[in-house]
1. For PHE107, what accessible surface area do you get with a 1.4 Å probe? Give it in Å², rounded to 10.
2. With a bin width of 10 angstrom, please list the P(r) values of region 12-119 as percents of all Cα-Cα pairs, from the 0 bin to the one holding the largest distance.
3. What percent does the relative contact order of the chain come to when contacts are Cα pairs within less than 8 Å and at least six residues apart?
4. What is the distance, in nm, between label points placed 7 Å from the Cα along the Cα-to-Cβ direction at GLN47 and at GLU67?
5. Gain in length, LEU56 to ASP36, computed as 0.36 nm per residue apart minus the alpha-carbon separation, to one decimal in nm?
6. Add -39500 (n - 2.57) for each DSSP H run of 4 or more in the chain, then divide by its residues: what number comes out at 222 nm, to the nearest 500 deg cm²/dmol?
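The values are calculated or read from the model by the stated rules, or taken from the named source; none is laboratory data. These figures come from a predicted structure and were not determined experimentally. Virtual Cβ from ideal backbone geometry, glycine too; neighbours counted across all protein chains shown. Accessible surface areas use protein heavy atoms only, side chains included; no ligands, DNA or RNA. Shrake-Rupley method; radii C 1.70, N 1.55, O 1.52, S 1.80 Å.
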Amino acid sequence: MANEITLYQCERELAAALDAALDRETGEIVSSEELDNAVGQFKNKGQHVAAYILNLKAQQDMIVAHEKAIAARKKAVGAKIDRLHEYMAFNMANAGIAAIHANDGTFSAMLYPARDEAVEIAEGSPVDDRFARIIPEKKEWDKTALKKAIKAGEPVPSCVTLVKRDRLVIA
């Protein structure tokens, strides 16, 4: 579109038309046809730019809404994966089955009993300063330090236990 003019160009033309339409001595508008055309062209181009901005804003709003919907779906799918993972690990452990392989060899599910360790702390237990990490405005348990102390045979508060968890790997 070779004849398309930008809003910036319209503004320049409007300024030139205004300058040409003014009487230098009196400050009155002498010629208004060219000025009227320049104002009309500027307003028309301004409408197009404003409409384009509104369209982009609507597109942005749709993208934000879609992102929220995708994030909610991702969270739901993740929770479902976690529940099914726990379900399968629990039932494999109860059945005494450590491995399940696909007939075509494309995947397997392996249960590794008591392979993973995690420190659990009774809810509401006050934080022992020996095993605390300071986060600005917050003091919380340092599970890495607790695990290291337990492994080294050092005494830890009675509310702390080291538990072994099964690991199910599906690959």
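1. Surface open to solvent at PHE107 totals about 110 Å².
2. It works out to 11, 17, 14, 11, 10, 9, 8, 9, 9, 3, 0, in whole percents.
3. 18
4. 3.3
5. Details: separation 20, 0.36 × 20 = 7.20 nm, distance 3.01 nm.
Extra length from LEU56 to ASP36 when fully extended: 4.2 nm.
6. Numbers: 3 runs with 87 residues, N = 171.
Rounded to the nearest 500, the figure is -18500 deg cm²/dmol.
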